[in-house]
Amino acid sequence: MMEISLPYGKGKLTGEVPSSRLQGTIEADAGAILAKSYEQTEKEIVDNSLANPIDSKRLSELVAGKQNIVVISSDHTRPVPSKRIMPNIIEEIKKGNPDADITILVATGTHRLTTHDELVDKYGEDIVNNINIVVHDSDDTENMINVGTLPSGADCEINRVAAEADVLVAEGFIEPHFFAGYSGGRKAVFPGIASRKSVVGNHNGQFIDSKHSRTGMLMHNPIHKDMLEAARLAKLQFIVNVVLDHDKRIVGSFAGNSETAHIAGTKFVDSIMEAKPIYTDITITSNGGYPLDQNIYQTVKGMTGAEATNIEGGVIIIASRLSDGTGGEKFYRQFKDCEKISDIYDNAVKTPALHTEQDQWQAQILARVMMKHHVIIVSDESNKQIIEDMKMTFASSIEEALTIADGIAGADSSIAVLPDGVSTIIKA
């Protein structure tokens, strides 16, 4: 037997798999690149990017003479190490304009609002007590401004705080994204600070169904195209996007022009996160641990990583803590109440773009995975009912999940381990 370890909540989940059936571990071979990154401290990496922005003046120069500076920042569902980034950004702004009014706009997208305790955990007491922080609410229509129309036909409605900024900046991180290609850059604006109405128009069934709306793809990706236009309409002027290793350490930082700095960051991500598939009957993975494995809604992301390497008709075993349950009542109900999983997928594709319903996209992608793979979620016993309600299989350990999987795929079925299904780009 061989012991494996997967990110799980804020720790690790270990288990044993039969050595004779294990075909390999799917991980990027990034040792040399990461070793070079580790020669610098995280602060040095961020500071160096701020001092040498890509296709842009320094942020300190951009804010000179400008009063209202807004920094969009990822919310509590993203592992962005804001405590290690935001102080550097604020310092750079004050270097160019000590009297600037700085506002941090928390990009919740259509997620629940970030709590005070989560803000303190994310930024620290000093920033929370001394910097104006606004938590975006996608349903607060009175505080949305329409800045144009997107290629999808949806109105581009964004938070008034961002629309009225003299200089709009975005802090965030770049990782593989299961339908936008990569996170970061333009995504801070859209869906980060957009209205719910605008977001659902972009996340429509036809766009999600596109073969180009996949992890690591930007070319011809209709969702990315919409997001890029939204950032242009919002006048996103400067980004500071970091790249994290599997231990959530900053190993790269890309600052400057919101488009070209982001592209530079995605190329770095490819260099440390691309891995070749190992096609097997059973794929064991995780959702990267906290904060992305807080609920089933987010756990769909890790499933798509396994989807790219698991044999059709095979079994995906995914470890996810699910401390926040399903992640949405409507999302949960679509699976609990459906007769056939394929109906969820078919209905999403047939729904006109401007009539897209909340969480339809996540349900569509989960349905796509479940139509071709048996999904087992390894989690706490308290989540057993909701997992089964959503027509997936619960297991309390990796060993129990493998026993169940063997009953489906066979006792001699092949196994591969994908330690982080979110932050790995599977390319043949």
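The values are calculated or read from the model by the stated rules, or taken from the named source; none is laboratory data. The shown structure was predicted, so the numbers you read here are calculated from the model rather than taken from an experiment. Cβ placement follows ideal geometry from the backbone for every residue including glycine, while neighbour counts extend to all protein chains displayed. The accessibility values were calculated without ligands, DNA or RNA, using every heavy atom of the protein model including side chains. Shrake-Rupley method; radii C 1.70, N 1.55, O 1.52, S 1.80 Å.
Here are some notes:
- Here residue 113 meets each of (1) under 25 Å from residue 251 (Cα atoms); (2) among the hydrophobic types (A, V, I, L, M, F, W, C); (3) in a loop (DSSP other than H, G, I, E, B) with one exception, condition (1).
- Candidate set: the stretch 337-376, residues that are touching a strand residue (DSSP E or B) at 6+ places or on another chain (Cβ under 7 Å) and more than 15 Å from residue 213 (Cα to Cα); chosen: the one surrounded by the fewest Cβ atoms within 10 Å (Cβ to Cβ): 372
- Residue list for the stretch 348-394, filter: polar (S, T, N, Q), more than 20 Å from residue 312 (Cβ to Cβ) and touching a residue at least 60 places away in the same chain (Cβ under 8 Å): 351, 356, 358, 360, 362, 379, 383
- Residue in the stretch 116-136 that is closer than 25 Å to residue 363 by Cβ and under 22 Å from the mean Cα position of the chain (by Cα) present: yes
- Total residues in the stretch 311-334, condition open to solvent by less than 10 Å² (accessible area, probe 1.4 Å) and of a type outside the set (Phe, Trp, Tyr): 8
- The helices (runs of 4 or more DSSP H) found entirely in the stretch 320-428 that carry 2 or more residues being at pLDDT below 95 and within 18 Å of the chain's Cα centre (by Cα) are 360-372.
- Subset of the stretch 103-118 (residues that are open to solvent by less than 20 Å² (accessible area, probe 1.4 Å) and not small (Gly, Ala, Ser)): 103, 104, 105, 106, 108, 114
- Residue selected from the stretch 122-140 under the condition among the polar types (S, T, N, Q) and not in a loop (DSSP other than H, G, I, E, B), by the criterion least open to solvent (accessible area, probe 1.4 Å): 132
- Cβ separations smaller than 7 Å between residues 6+ apart or across chains give the following pairs from the stretch 403-425 residues that are on the phi < 0 side of the Ramachandran plot and open to solvent by less than 10 Å² (accessible area, probe 1.4 Å) to residues that are hydroxyl-bearing (Ser, Thr, Tyr) and in a loop (DSSP other than H, G, I, E, B): 416/309; 418/309; 418/424; 425/215.
- Residue within the stretch 205-226 that is out of contact with any Phe, Trp or Tyr (no Cβ under 9 Å at 6 or more places or on another chain), over 21 Å from residue 421 (Cβ atoms), open to solvent by less than 10 Å² (accessible area, probe 1.4 Å) and in contact (Cβ under 8 Å) with a residue 12 or more places away in the chain present: no
- Unmet criterion (only one of (1) assigned to a loop (DSSP other than H, G, I, E, B); (2) open to solvent by less than 10 Å² (accessible area, probe 1.4 Å)) for residue 79: (2)
- In the stretch 292-310, residue surrounded by the fewest Cβ atoms within 10 Å (Cβ to Cβ) [restricted to those that are among the aliphatic types (A, V, I, L, M) and at pLDDT 95 or above]: 308
- Selection within the stretch 178-197 - free of Cβ contacts under 8 Å to residues at least 60 places away in the same chain and surrounded by fewer than 24 Cβ atoms within 10 Å (Cβ to Cβ): 197
- Failed criterion for residue 281 (all others in (1) touching a strand residue (DSSP E or B) at 6+ places or on another chain (Cβ under 9 Å); (2) of a type in the set (Asp, Glu); (3) open to solvent by 10 Å² or more (accessible area, probe 1.4 Å); (4) outside any strand (DSSP E or B) hold): (4)
Yes/no per residue for (1) free of Cβ contacts under 8 Å to residues at least 40 places away in the same chain; (2) closer than 25 Å to residue 8 by Cα:
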| residue | (1), (2) |
| --- | --- |
| 70 | no, no |
| 77 | no, yes |
| 83 | no, yes |
| 97 | yes, no |
| 104 | yes, no |
| 110 | no, yes |
| 120 | yes, yes |
| 131 | no, no |
